[in-house]
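Data first, discussion second: the structure below is written as structure tokens.
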Amino acid sequence: MQFIYPGDHSRNITMKNTERIANFALAGLTFAPLVVKIDPNVNVILTACLTVFVGCYRSVKPTPPTETMSNEHAMRFPFVGSAMLLSLFLLFKFVSKDLVNTVLTGYFFVLGIVALSATLLPFIKRFLPKRWNEDLIIWRFPYWRSMEIEFTRSQIIAAIPGTFFCAWYALRKHWLANNILGLAFCIQGIEMLSLGSFKTGAILLAGLFVYDIFWVFFTPVMVSVAKSFDAPIKLLFPTSDSARPFSMLGLGDIVIPGIFVALALRFDVFRGKQPQYFKSAFVGYTAGLVLTIVVMNWFQAAQPALLYIVPAVIGFLAAHCIWNGDVKELLEFDESKTANPSQEIDDKSSKKVE
């Protein structure tokens, strides 16, 4: 992972070290409930925040993304999400739940291997020969020669633990296996998805703000699907209550705000300054999540987390930006059109592993 801070090597090293610490903290917190009792509310907050933090730092790349979300896609996203959610609800209602979950398990088995191997690759490849990381292997499908897959030996090695965890999940459906897969999906989502601009991000968050409120407060659809969907689309946190053995947090409540917070970090990196707007957006996410937990426990009812997270993230970032007088620069920022001078040097001196 390379962080591009023009002319400040020490700051790059600091960011790398910070990311490593966050990675170890997240790994420790994930396995901790196996040996010690952790309050589920604290666990939800710490796990979600650490996941967003790690995903944001991993999203900083040597070159800006070539593909970003457009305003039209952001406007369409809540409607597509609603159609998928309603389809799943009807599927669980009229088709055998076991059959649906068996098919979904197979789908997430493959998807999980890809996500876990991509998440583990940066840690594994540093211990492998350089040519294993760079030399591409091209495999063509037997009957469709035009279709091919490119991969490296390092990616094959990284897929081994991913396969183990996916097999464990498929066979046992253990909460830890579920969470490991869920965290990999979250980190990859935040790392790979790019909003492009804060305008697009605001449109997406505003649309999903309404989406979350409607499907949680006005229909039983969201809660019903979350309880029926036996797949790693939510994180499970063990509780001491036998009637409710797990607290849940949907992956969307991590990924959707996370890609907005990640954009704030890359905006700071582009400006070559300390991650000030990342800090305000991240604090906003933490505050919104804490408020969600407080309200949920107060009313003893499921809450749409984006109802509290979206205003907090946008509000904290907007207030900080207005205070510093950077509103115009922030609104004009378009990641797909940015180019950092130091990127050209990095592109010539390094090879990118796909």
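Cβ-Cβ distance below 7 Å, separation of 6 or more or different chains: which pairs start in region 216-229 with a residue that is free of Cβ contacts under 8 Å to residues at least 40 places away in the same chain and end on one that is of a type in the set (Lys, Arg) and surrounded by 13 or more Cβ atoms within 10 Å (Cβ to Cβ)?
These pairs meet every condition: ALA226/LYS234.
Give the residue, chosen from LEU235, LEU251, that is at pLDDT 90 or above, out of contact with any Asp or Glu (no Cβ under 8 Å at 6 or more places or on another chain) and farther than 30 Å from PRO62 by Cβ. Talk me through it step by step, then tell me what you get.
Details: LEU251 fails: farther than 30 Å from PRO62 by Cβ.
Just a single option satisfies the conditions, and that option is LEU235.
Tell me, yes or no, whether region 90-98 has at least one residue that is outside any helix (DSSP H, G or I), under 26 Å from TYR169 (Cβ atoms) and within 23 Å of the chain's Cα centre (by Cα). Before you say what the answer is, go through the steps one by one.
Start the filter on region 90-98 by keeping residues that are outside any helix (DSSP H, G or I), which leaves 95-96.
Cutting the leftovers down to under 26 Å from TYR169 (Cβ atoms) gives us 95-96.
Now drop any that are not within 23 Å of the chain's Cα centre (by Cα), which leaves none.
No - not one qualifying residue is present in region 90-98.
If I ask for residues that are assigned to a helix (DSSP H, G or I), surrounded by fewer than 21 Cβ atoms within 10 Å (Cβ to Cβ) and touching a residue at least 40 places away in the same chain (Cβ under 8 Å), which ones from region 296-319 would you list?
First, pick out the residues of region 296-319 that are assigned to a helix (DSSP H, G or I): 296-299, 306-319.
The next check asks that each one be surrounded by fewer than 21 Cβ atoms within 10 Å (Cβ to Cβ); those that pass are 296-299, 307, 311, 315, 318-319.
Answer for region 296-319, where residues must be assigned to a helix (DSSP H, G or I), surrounded by fewer than 21 Cβ atoms within 10 Å (Cβ to Cβ) and touching a residue at least 40 places away in the same chain (Cβ under 8 Å): ASN297, LEU307, PRO311.
Look through region 175-207, keep the residues that are farther than 22 Å from ALA118 by Cα and touching a Phe, Trp or Tyr at 6+ places or on another chain (Cβ under 7 Å), and return whichever of them is surrounded by the fewest Cβ atoms within 10 Å (Cβ to Cβ).
GLY207
Would you pick out the residues in region 255-272 that are modelled with pLDDT under 90 and assigned to a helix (DSSP H, G or I)? Talk me through it step by step, then tell me what you get.
Of region 255-272, the ones modelled with pLDDT under 90 are 269-272.
Answer for region 255-272, where residues must be modelled with pLDDT under 90 and assigned to a helix (DSSP H, G or I): VAL269, PHE270, ARG271.
Out of region 264-293, which residues are touching a Pro at 6+ places or on another chain (Cβ under 6 Å) and farther than 26 Å from LEU249 by Cα?
Once the filter is applied, which keeps residues that are touching a Pro at 6+ places or on another chain (Cβ under 6 Å) and farther than 26 Å from LEU249 by Cα, region 264-293 yields ASP268, GLY272.
Let me confirm something: among ARG76, ARG58, which residue is of a type in the set (Lys, Arg) and in contact (Cβ under 8 Å) with a residue 40 or more places away in the chain?
ARG58
The values are calculated or read from the model by the stated rules, or taken from the named source; none is laboratory data. A quick note: this is a predicted structure, and the numbers were derived from the prediction, not measured. Backbone-built Cβ (ideal geometry, glycine too); neighbour counts: all protein chains shown.
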